[in-house]
1. Could you count how many residues in region 211-267 are closer than 21 Å to residue 362 by Cβ, surrounded by fewer than 22 Cβ atoms within 10 Å (Cβ to Cβ), of a type in the set (Ser, Thr, Tyr) and touching a residue at least 60 places away in the same chain (Cβ under 8 Å)?
2. Within region 124-143, is even one residue in a loop (DSSP other than H, G, I, E, B), of a type outside the set (Ser, Thr, Tyr) and at positive phi?
3. Within region 38-92, how many residues are outside any helix (DSSP H, G or I) and either in contact with a His (Cβ under 6 Å, 6 or more places away or on another chain) or among the basic types (Lys, Arg) (or both)?
4. Just to be sure, is residue 195 more than 21 Å from the chain's Cα centre (by Cα) and more than 23 Å from residue 140 (Cβ to Cβ)?
5. Take the conditions surrounded by 12 or more Cβ atoms within 10 Å (Cβ to Cβ), within 27 Å of residue 297 (Cα to Cα) and not basic (Lys, Arg) and apply them to residue 31. Does it pass?
6. Restricting the first residue to region 193-209 and requiring it to be under 14 Å from residue 68 (Cβ atoms) and surrounded by fewer than 22 Cβ atoms within 10 Å (Cβ to Cβ), which pairs with a second residue that is modelled with pLDDT under 95 and hydroxyl-bearing (Ser, Thr, Tyr) meet a Cβ separation below 6 Å and a spacing of at least six or different chains?
7. Tell me which residues, restricted to region 299-316, are more than 11 Å from residue 268 (Cα to Cα) and more than 14 Å from the chain's Cα centre (by Cα).
8. Return yes or no: is residue 309 modelled with pLDDT of 85 or more, assigned to a loop (DSSP other than H, G, I, E, B) and either surrounded by fewer than 18 Cβ atoms within 10 Å (Cβ to Cβ) or not polar (S, T, N, Q) (or both)?
Amino acid sequence: MSASVRRPMRRGFTLIELLVVIAIIAVLIALLLPAVQAAREAARRAQCVNNLKQLGLAVHNYITSQEVMPIGMQWQRYSAGAGCRYSTTVSMFPALGQYFEQGQAFNAENFSINCFLADNNTVHAIGMSVLWCPSDGDISIRTTLQPSDFFSVPAGQQPIMCYSSYGGNSGTWCILPAPTAPQYPGCGTNAVYSAQTGNMNGVFFHDSHTKISDISDGTANTFLFSERSRSILAKTGTGPFSDWQEWHWWTSGNYGDTMFDTMYPINPWKKLKDATIYTIPGSYNNSTIYTTAASSNHPGGANFGMCDGSVRFVKETISCWPINPTTTLPSAVSISGSIFVLNPGFSLGAYQQLATRAGGEVVSADSL
C-alpha cells in the first residue's frame, strides 16, 4: 500500500508581518497625502487666477462701454425728508455683472436708489462663483443678517447676504469723506471733501471715475483686484453678529466689503500678533485692518489682478513699508488735516508702489 502524500500546511500572516504591512501602507499614505493636497491647492489656485482674469476682462469691457472704470463707492440717499440722509451704497460688482455672465444680478439691481433699500434686497442673496476663491473656506455660505443692517426690510423677513473673496484696489490707504453740501443736499459742509477724495491713489475709491489714461504707472504695474480671505475673519464678536458675517458683502461699496488697500502687508495677522487695540483716527482699527488688507489661504501670498488684465501671485515677503512694533501702525504714514501723508525719511515699499495709479514708481519683476 502506497504511503499517502501529506499536503503542506497553509501558513497565515504572523502578527508582526501584519503590523509591518500596515506600517508600510501608513508610510505610503503619509507620502502621498501631501502630494494630493498640493495638487488640490494648485487646482484651487488656478481657479482663483481664472476668477481674477474674468473680473479684469469685465472691467475692460465696462471701460469700452463707459470710458471709465465703475465707481468704487458713493453716498446715496436712503430716505426722504430733511437732513443728511445718505449712506454708502452699491459696489462695483453688480455693475460689472453684465460683463461676467451675471446679467440677472445687473438687471435686478435698481441703481437709482440705495442698494440697502427693500427693492434691492433680493440682489444681496445672489451668489456668484466668480467672486469666490475655492481656497477661501466657507466663502459660498450665505448668512442671515439683522434687519437693522438695512434701511428697509419687509415685515417678517430677514436679509440674506452673499460674499466676495475679492476687492478692488483703493491704493495705499482708504478714506471715506463725510457727505458735503451742496453735492449732498441737507448735509453740512466738509471743507476737505475734495482734498480727501484727491488723496486716494488707487483705482477704486469714493467717487472714483478712473480712466486707463489715469494709470500713468502702467497697467501691468498697478493692482486692479486682490484676494481678501473671508474665512480668516472672527466668527464671534461682542455684538450679535461677527466680522465673518458683517464684512466682505459682495453688493456693498464699503472699503471693508469690496475694496482693499496696502496700508498693511499681505496676510497682516502673521506680522501683527498682539491683541492691542490700535486706531488711526477715523480710519483703521483691529477690524478694518483685517477686512481691508489683502489676504488669502494660498501658502505664501495672494493672487492679484493687474490693470492690464493679467494676474500675479505676490509673495507676502514683498518689500513693504515698516510697521511700528509699539503702535502697530505704519511708521511711514501720518494724518495731517484728515489727509494721509508720507512721513519724511520714508518711501513706499514695492507692495505700496504697486497700489498707486500715478506715483511715478518703477517696480522691477524681481521685487515681487
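The values are calculated or read from the model by the stated rules, or taken from the named source; none is laboratory data. Everything numeric in this text was worked out from a predicted model, so none of it was measured. When we count neighbours, we look across all protein chains shown, and the Cβ atoms used for this are built from the backbone with ideal geometry, even at glycine.
1. Of the residues in region 211-267, 2 are closer than 21 Å to residue 362 by Cβ, surrounded by fewer than 22 Cβ atoms within 10 Å (Cβ to Cβ), of a type in the set (Ser, Thr, Tyr) and touching a residue at least 60 places away in the same chain (Cβ under 8 Å).
2. Yes, region 124-143 contains a residue that is in a loop (DSSP other than H, G, I, E, B), of a type outside the set (Ser, Thr, Tyr) and at positive phi.
3. Keep residues of region 38-92 that are outside any helix (DSSP H, G or I), which gives 67-91.
From what is left, the residues that are either in contact with a His (Cβ under 6 Å, 6 or more places away or on another chain) or among the basic types (Lys, Arg) (or both) are 68, 73, 77, 85.
So the answer is 4.
4. Yes; evaluated as a whole, the condition is true for this residue.
5. It is false that residue 31 is surrounded by 12 or more Cβ atoms within 10 Å (Cβ to Cβ), within 27 Å of residue 297 (Cα to Cα) and not basic (Lys, Arg).
6. Qualifying pairs under 6 Å: 207/197.
7. Listed by number, the residues that qualify are 299, 300, 306, 307, 308, 309, 310, 311, 312, 313, 314, 315.
8. It is true that residue 309 is modelled with pLDDT of 85 or more, assigned to a loop (DSSP other than H, G, I, E, B) and either surrounded by fewer than 18 Cβ atoms within 10 Å (Cβ to Cβ) or not polar (S, T, N, Q) (or both).
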